[in-house]
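One structure is given here, and the rest of the page talks about it.
Every read-out reported here was derived from the displayed coordinates using simple, explicitly stated rules and does not represent laboratory data. Keep in mind that what you see is a predicted model, and the values were worked out from it rather than measured. Cβ: placed from backbone, ideal geometry, glycine included. Neighbour counts: every protein chain shown.
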């Protein structure tokens, strides 16, 4: 029997997640090991099924465990270690500048790949996001932030690299408030719309140099 520790105080799913991650990191639980059935595990931990189900779902997302016909099987640390490193970096003293630099590097590579790999469906998605931004600004007197976020996400999707997509999605979530503030600057949203149009045209033309130049200028102006 593995060394599960009974939880005696108020239990949250995070506590369960941390305990199983620690068992994996220390080698007590190894890849291909099977977790006890949920009801039995809940009894060992001294908890109800509700937080255990939440924890198991999160551990699946982190790729620490997988569900098979035999039950819950250990895969390894999966995405958990990467998520921990990202969270630690995002909370560091210089995190804002670091996040901006990381976004710049990732999006510039993404747009290069998007120029090469984009198809008609990608172009339509990028164009629709730009139209959404324009309507939000001109018809609803807004900043166009929703359309802008969709525009950048569509470019990243078009690059066809799932790692770039995952990392950039995380970084953009951390920077979204700053982007909202940037678009509140008088006249900024109209300039941003024009910049988006130039970026779209460059991707459509598959002009990598122009696309990189336009995006770099856009991001620098935003910051």
Cut-off is 10 Å between beta-carbons; in what order do 218, 196 appear when sorted fewest neighbours first? 218, 196
Whole-angstrom Cα spans of region 92-222 along principal axes, big to small: 40, 35, 22
Using Cα-Cα distances under 8 Å and only pairs 6 or more residues apart, what relative contact order does region 92-222 have, in percent? 34
With an 8 Å cut-off on Cα pairs and a minimum separation of 6 or more residues, tell me the relative contact order of region 13-78 in percent. 41
Looking at the calculated P(r) for region 13-78, what percent of the C-alpha pair distances fall above 13 Å? 60
